[in-house]
Amino acid sequence: MRRSISSKATTVYKYVVPTITIIIIVIVLAVIAGASVLVPVWFTALYVVWSLCLTSMLFWMGSKLKAVSMDQSSLYVEEGSAEISIPFSDVAKVSQLNWIKPYPVVISLRDGHPYGKKVMFVPPMEGFFGAWKHPIVEELSNRTNSLSETR
């Protein structure tokens with residue numbers, strides 16, 4: 001039976017969060033520009049650099065996020081309107097990025113895979129508070145390790 005392992009909020013992380021962030025940045029920049037007599041130039045420059053870094057990171061991460069589901073033998077990755085099936089035997093490693101919320105999971109694929117090198121998704125956050133690895137990381141790791149042991 002197939003089940004979704006990515007968050008229902010994937011679309012929010014891909015499109016809504018970066019867009020709202022840009023809107024807030026522009027509003028704050030307008031306020032800073034309006035109060036230019038009171039705000040030092042170095043602060044404005046620092047804010048612009050910080051804003052560019054933040055926006056770049058959010059758009060980079062958003063472009064990498066995919067909706068992922070799985071069954072007993074494969075992962076299914078939504079790529080636009082198409083869906084790609086990736087057998088667990090093609091998974092090299094499963095890890096989690098703990099340095100950035102919402103703690104995305106990264107699935108590294110074996111060399112030469114037609115899909116590419118990595119798949120990134122945000123797992124559901126219900127019952128997970130970010131202190132350790134998300135349970136889906138361990139589940140996927142165990143599944144791929146058990147396949148590599150049987151080869």
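The values are calculated or read from the model by the stated rules, or taken from the named source; none is laboratory data. None of the values given here were measured: they were computed from a predicted structure. In this analysis, Cβ positions are derived from the backbone assuming ideal geometry, glycine residues included, and neighbour counts consider all displayed protein chains. Areas reflect the complete protein model, heavy atoms only, side chains present, ligands, DNA and RNA absent. Shrake-Rupley method; radii C 1.70, N 1.55, O 1.52, S 1.80 Å.
The residue pairs whose first member lies in the range 29-58 and is under 22 Å from K14 (Cβ atoms) and assigned to a helix (DSSP H, G or I), whose second member is open to solvent by less than 70 Å² (accessible area, probe 1.4 Å) and hydroxyl-bearing (S, T, Y), and whose beta carbons are closer than 6 Å, counting only pairs six or more residues apart or on different chains, are L58/T21.
State whether one or more residues within the range 74-89 are assigned to a helix (DSSP H, G or I) and over 17 Å from the mean Cα position of the chain (by Cα).
Of the residues in the range 74-89, the ones assigned to a helix (DSSP H, G or I) are 88-89.
Subset that is over 17 Å from the mean Cα position of the chain (by Cα): 88-89.
Scanning the range 74-89 turns up at least one residue that is assigned to a helix (DSSP H, G or I) and over 17 Å from the mean Cα position of the chain (by Cα).
Per the conditions (1) of a type outside the set (K, R); (2) free of Cβ contacts under 8 Å to residues at least 12 places away in the same chain; (3) over 25 Å from N145 (Cα atoms), the sole criterion not satisfied by M61 is (2). Note down all Cβ pairs under 8 Å where the first residue falls in the range 102-124 and is of a type in the set (G, A, S), the second is open to solvent by 10 Å² or more (accessible area, probe 1.4 Å), and they're at least six residues apart or on different chains. Final answer for the pair search is S108/A92; S108/K93; S108/V94; S108/S95; S108/K117; S108/K118; G116/L109. Within the range 90-128, the residues that satisfy the criterion of being in contact with a strand residue (DSSP E or B) (Cβ under 9 Å, 6 or more places away or on another chain) and farther than 20 Å from E78 by Cα are L97, D111. Only one entry of D90, D111 meets the criterion of being among the acidic types (D, E), within 27 Å of K133 (Cα to Cα) and surrounded by fewer than 17 Cβ atoms within 10 Å (Cβ to Cβ), and that entry is D111.
Could you tell me which residue of the range 3-23 is least open to solvent (accessible area, probe 1.4 Å), considering only residues that are at pLDDT 90 or above and hydrophobic (A, V, I, L, M, F, W, C)? Once the filter is applied, the top-ranked residue is I5. Cβ separations smaller than 6 Å between residues 6+ apart or across chains give the following pairs from the range 81-100 residues that are under 18 Å from D71 (Cα atoms) to residues that are β-branched (V, I, T) and outside any strand (DSSP E or B): F88/T144; V91/T144; V94/V137. Those residues that are within 19 Å of E139 (Cβ to Cβ) and out of contact with any helix residue (DSSP H, G or I) (no Cβ under 6 Å at 6 or more places or on another chain), I need them from the range 1-20; list them, please. Result: M1, R2, R3, S4, S6, S7, K8, T10.
Taking the condition of being of a type in the set (A, V, I, L, M), more than 26 Å from L58 (Cα to Cα) and either out of contact with any helix residue (DSSP H, G or I) (no Cβ under 8 Å at 6 or more places or on another chain) or open to solvent by 90 Å² or more (accessible area, probe 1.4 Å) (or both), how many residues in the range 24-40 meet it?
Of the residues in the range 24-40, the ones of a type in the set (A, V, I, L, M) are 24-33, 35, 37-39.
Subsequent filtering for residues that are more than 26 Å from L58 (Cα to Cα) retains 35, 37-39.
Right, trim to either out of contact with any helix residue (DSSP H, G or I) (no Cβ under 8 Å at 6 or more places or on another chain) or open to solvent by 90 Å² or more (accessible area, probe 1.4 Å) (or both) and you get 35, 37-38.
Looking only at that region, the number is 3.
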